[in-house]
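Trainee: Okay, handing you the structure first.
Throughout, read-outs are computed from the coordinates displayed, never taken from laboratory work. All of these numbers come straight from a predicted model, not from anything done at the bench. FYI the Cβ positions are ideal-geometry reconstructions off the backbone, even for glycines, and counts take in every protein chain you see.
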Amino acid sequence: MSKEQESKPVEETSKKKQLDSFTVDNNGQKMTTNQGLKVSDDENSLKAGKRGPSLLEDFYLREKIMHFDHERIPERVVHARGYGVHGYFQVYESMVEFTKAKFLQDPTVKTPVFVRFSTVAGSRGSGDTVRDVRGFATKFYTEEGNYDLVGNNIPVFFIQDAIKFPDLVHSFKPEPNNEIPQAQTAHDTFWDFVANNPESAHMVMWAMSDRAIPRSYRMMEGFGVHTFRFVNKEGKSRFVKFHWKPKLGVRSLVWDEAQKIAGKDPDFHRRDLYEAIEMGQAVEFELGVQMIEEEEEFRFDFDILDPTKLWPEEVIPVKIIGKMTLNRNPDNYFAETEQVAFHPGNVVPGIDFSNDPLLQGRLFSYTDTQLIRLGGPNFHEIPINRPVCPFHNNQNDGYHRMTINKSPISYHKNSLQNNAPEGATAEEGGYVHYQEKVEGRKVRARSDSFSDYFSQAKMFWNSMTDVEKEHIIAAFQFEVGKVKSKSVQQQVVNLISHVDLELAQKLAISIGAKMPEKVNVSTVTMSSPALSQESKIKSAKSSKVAILVEDGFNSLELKEVLDALNSAGIIPQIVSSRLGVLRNEDGQELDVSYTLLTSDSVLFDAIYIAGSSKSVKKLIAQKEVEDFIHEAFKHYKTIGAVGEAVGLLETIGLPINQPGVITTKSNSNISEFNEEFLKAIQEHRHWTRQM
Ligand code: HDE
């Protein structure tokens, strides 16, 4: 093999350097046409007389309008709304025992990545905080080519076979007669699909849980969902499932809050990610793998090829193998985030597929979909999609071909070019599919081992805390309550009764359906504590705290609180009745970030009401302040108040002896207050609060 063809280690900056060679900076430049001709006037079209008709001759008008007319491309048929960011991945220690994938060998190598987070159902312009699954797609630009881990934030899927995907998607998308509703599953066709396709029962439990309304893309888990294979140098294969674990812990919104945010700030999740990165807060996820030896394939009470099943972490532990750090926003949304093309079939040596029939279908879909979306077969040449290692083959021509292949030889085998480019052996880094032995008759059928739809749905239910269960019940009541067809409602109640009778009964009561029959109710008692969000690590870092304050604040008190928040990595933001600068008698100044009009209680994780009688008097006079605080209370958020601000809480009727309401009337023990306040923020929600 020639030197040039040997794979070279990548660097953290490899992708950035490549992208930079495509960037354009208009700063200080004269305007030109796309042909490079300098433009003399960009304000007026060419006319026959000042008030006369425009002339066809005006090539610049035509070019400008033509380009504008074609600025849109078809949105993704699913996962249309998303936000992407750059970063890098580092393995903690060599995974040589399990896989030969080069990016998983050397802890000193920082492999560049691009990650796109998304919702699934909504259009490109839909709200971020809708109840939905979130996509979590990662492109690793490795020295051996691009590896794409195209996952979701829920570890299982609605269906078992790819052939059902169009049906599933047609059911949850807006209904075709009136294109209603946008980005929602709370409508007849989706629940009709669920009721008549019981394999969806497990995933529906997840979709009705808090997992489907994450607080932030930075605070949700990611899952590869399917079973893949790791293959090592010796050719030994193991089954593997991939996990992303967020360093900030797993947090969710509450449903009422999620709905309000969709109106107040439809960009809530992308803004959160964009701002965190602009502020220099590294966004970190650890990569974990669960592995099953080939010989153990049939040892479990679920089929490891069934994508509606997870591998309980208590049975098959997650081994944490590395960390991804996201630290750079794209320069251009369209060029990078919109044009990025993921494909679960983009693998590197050492990673292979299983026979999961959902995965097998995806291996076709993802290249096919790019042809319509990106307009031709050369989408791999778009800067964001190019590997950082060289690529050579005999594929040529097609729409928007960028490379100029110099040689007349575009076929194999050849003698005129010494047979180049030619295939590489496994030793030379060639991808050799794992030689799994397969035999069978051609049948359109599903394995009997895929037919248990309810045991893991029940296990998920069993694993929830009481609060999480309450949220699931309420979500079912909301979603199925929006269904118009009585028959579909009843069918859903009947289906859910196979998972849990109490859940089905509570649903039936709420939607006026008949009580479910007590037949075939799952008797599974197993639970998996790892499935409960409440059991995950909790971090206060990156929480946003609204500081409600007016002129005349107490600067000593405020400084102590702000310092404590800042040093814990919490983001305090000053909210007042007007923008500009607040002042107090000592001449101290405070910049205001938001007014009570431009922000809202639902956009914060906690609030703090500053003391001092002057500031409190002004706050108390505003109805918006009362609403702001009551709403935070209703959403179980931490509320802190010091000095006279405690009186304000009493005046507005807020029960101050409730969990998560942290107060001190005296200014002398602020450090004690801070300690309690920070602990409460770390809790994120105070579920035991009495409303
Ligand atoms: Fe996708 N999916 N999917 N999917 N998917 C797409 O590809 C598809 C599935 C996932 O940010 C499409 O480029 C089929 C499971 C993510 O650009 C399309 C089936 C999982 C993204 C497609 C599935 C996913 C997509 C649309 C069933 C979790 C967004 C645009 C066989 C493991 C990627 C595109 C991005 C996108 C097909 C099921 C995750 C049409 C046929 C299961 C994160 O190709």
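Trainee: Taking Cα atoms of the chain, Rg/Rh with Kirkwood Rh, to two decimals?
Mentor: In the chain, Rg relative to Rh is 1.00.
Trainee: Answer with one residue from Ile213, Leu371, Tyr92: the one whose Cα lies farthest towards the positive end of the charge dipole of the stretch 82-385, charges on Cβ with Lys, Arg +1 and Asp, Glu -1.
Mentor: Tyr92
Trainee: Where nothing but the Cβ of Lys and Arg (+1) and of Asp and Glu (-1) is charged, how large is the charge dipole of the stretch 367-450 around its Cα centre, in debye to the nearest 20?
Mentor: With only Lys, Arg, Asp and Glu charged at Cβ, the dipole is about 340 debye.
Trainee: Could you give the length gained on full extension between Thr425 and Asp301, defined as 0.36 nm per residue of separation minus the Cα-Cα distance, in nm?
Mentor: Stretched fully, the Thr425-Asp301 segment lengthens by 40.7 nm.
Trainee: Among the lysines, which have Cα under 22 Å from the Cα of Lys47 when same-chain residues fewer than 8 positions away are ignored?
Mentor: Excluding near neighbours in sequence, the set is Lys38, Lys64.
Trainee: Between Val519 and Gln35, what FRET efficiency comes out of the Förster formula 1/(1 + (r/R0)^6) with R0 = 60 Å and r the beta carbon distance, rounded to 0.05?
Mentor: About 0.20, to the nearest 0.05.
Trainee: When a/c reaches 1.5 or more, the comparison of a/b and b/c decides; with that in mind, is the stretch 140-267 rounded, prolate or oblate per its Cα gyration tensor?
Mentor: Working: a/c = 2.20, a/b = 1.42, b/c = 1.55.
Cα axes put the stretch 140-267 in the oblate bin.
Trainee: Toward the positive end of the charge dipole of the stretch 568-669, about the Cα centre and with charges on Cβ (Lys, Arg +1; Asp, Glu -1), which of Gln573, Leu596, Phe633 goes farthest?
Mentor: Of Gln573, Leu596, Phe633, it is Phe633.
Trainee: Calculate for the chain the 222 nm mean residue ellipticity that helices alone would give, adding -39,500 (n - 2.57) per DSSP H run of length 4 or more and normalising by residue count, nearest 500 deg cm²/dmol. Working shown, then result.
Mentor: Values: 17 runs with 184 residues, N = 691.
Helix-only estimate at 222 nm: -8000 deg cm²/dmol.
Trainee: Further, regarding this structure: For Asn405 and Arg328 in the same chain, what is the full-extension length gain: residue separation times 0.36 nm, less their Cα-Cα distance, in nm? Intermediate values should be presented prior to the final figure.
Mentor: Working: separation 77, 0.36 × 77 = 27.72 nm, distance 3.31 nm.
Length gained, Asn405 through Arg328: 24.4 nm.
Trainee: Which order results if Ile473, Ile509 are arranged by neighbouring Cβ count within 10 Å, fewest first? Don't skip to the end; give the middle numbers.
Mentor: On the way: Ile473 18, Ile509 12.
Ordered by Cβ neighbours within 10 Å, fewest first: Ile509, Ile473.
Trainee: On to the next question. Of the listed peptides 316-324, 516-524, 610-618, what is their order by residue-averaged count of other C-beta atoms within 10 Å, with the highest listed first?
Mentor: Put in order of decreasing packing, that is 610-618, 316-324, 516-524.
Trainee: Want the number for Val96 to Asn394: 0.36 nm per residue separation, take away the alpha-carbon distance, what's left? All intermediate terms of the calculation are to be shown ahead of the outcome.
Mentor: Numbers: separation 298, 0.36 × 298 = 107.28 nm, distance 3.27 nm.
Here the answer is 104.0 nm.
Trainee: Among the listed pairs Lys17/Lys536; Lys164/Lys245; Lys458/Lys679; Lys458/Lys536, which have their C-alpha atoms separated by more than 27 angstrom in this model?
Mentor: Where the Cα-Cα span goes over 27 Å, the pairs concerned are Lys17/Lys536; Lys164/Lys245; Lys458/Lys679.
Trainee: Apply the Karplus curve 6.51 cos²θ - 1.76 cosθ + 1.60, θ = phi - 60°, to the phi angles in the stretch 533-543 and return the couplings in whole Hz, x for Gly and Pro.
Mentor: My calculation for the stretch 533-543 gives 5, 5, 8, 7, 4, 10, 9, 8, 3, 6, 5 Hz in order.
Trainee: Answer rounded, prolate or oblate for the stretch 460-535, using the Cα gyration tensor with square roots of eigenvalues a ≥ b ≥ c: rounded when a/c is under 1.5, else prolate when a/b is larger than b/c, else oblate.
Mentor: Oblate, since a/c reaches 1.5 and b/c is not below a/b.
Trainee: Suppose every K and R has +1 on its Cβ and every D and E has -1 on its Cβ; what is the size of the dipole of the chain about the Cα centre, in Debye to the nearest 20?
Mentor: Values: 81 positive and 96 negative charges, 214 e Å.
The calculated dipole for the chain is roughly 1020 debye.
Trainee: Please give, to one decimal in nm, the separation of the simple spin-label points placed at Glu589 and Lys8, each 7 Å out from Cα toward the Cβ.
Mentor: Once both label points are built, they end up 5.2 nm from each other.
Trainee: Next question, about the same structure. Where the centroid of each part is defined by its Cα atoms, how far is the stretch 518-580 from the stretch 265-333 in Å?
Mentor: Centre-to-centre (Cα) distance: 23 Å.
Trainee: Distance from a point 7 Å along Cα→Cβ of Leu371 to each backbone N in the stretch 162-185: keep the residues under 16 Å and list them by number.
Mentor: none
Trainee: Still on this structure, please answer the following. To the nearest 20 Debye, how big is the dipole of the stretch 82-385 about its Cα centre, given +1 on the beta carbon of each Lys and Arg and -1 on that of each Asp and Glu?
Mentor: So the magnitude is around 660 debye.
Trainee: Where does each of Lys536, Lys458 land when they are ranked from fewest to most other beta-carbon atoms within 10 angstrom?
Mentor: With the sparsest Cβ surroundings first, the list reads Lys536, Lys458.
Trainee: Report the calculated FRET efficiency for Gln417 and Arg72 (r = Cβ-Cβ distance, R0 = 45 Å), to the nearest 0.05.
Mentor: Computed FRET efficiency for Gln417 and Arg72 comes out at 0.60.
Trainee: Measuring from a point 7 Å past the Cα of Lys541 along Cα-to-C-beta, which residues in the stretch 307-331 have an amide N at less than 19 Å?
Mentor: Within reach of a label on Lys541, which here means backbone N under 19 Å from a point 7 Å along Cα→Cβ, the stretch 307-331 contributes 320-329.
Trainee: Now, a different point. I'd like to compare 117-126, 66-75, 622-631: which one has the highest average count of other Cβ atoms within 10 Å, and what's the full order after that?
Mentor: 117-126, 622-631, 66-75
Trainee: Something else: Which of the three applies to the stretch 544-683, rounded, prolate or oblate, going by the alpha-carbon gyration tensor with a ≥ b ≥ c and a/c under 1.5 meaning rounded? Please list the in-between numbers first.
Mentor: Values: a/c = 1.25, a/b = 1.11, b/c = 1.12.
In terms of gyration-tensor shape, rounded.
Trainee: With point charges of +1 on the Cβ of Lys and Arg and -1 on the Cβ of Asp and Glu, referenced to the Cα centre of the chain, which listed residue (Ala262, Ser613, Phe172) lies farthest in the positive direction of the dipole?
Mentor: Phe172
Trainee: Quick one: which of 404-413, 25-34, 488-497, 174-183 comes out on top by average Cβ neighbours within 10 Å, and what's the full order, highest first?
Mentor: Descending packing order for the listed peptides: 488-497, 174-183, 404-413, 25-34.
Trainee: Also, I was wondering about something else. Among Asp210, Asp272, Asp128, rank each residue by its count of other Cβ atoms within 10 Å, from fewest to most, as a rough exposure measure.
Mentor: Asp272, Asp210, Asp128
Trainee: Have a look at the stretch 82-385 and give its Rg and Dmax from the Cα atoms, expressed in angstrom.
Mentor: Rg, Dmax (Cα atoms, Å): 18.8, 57.
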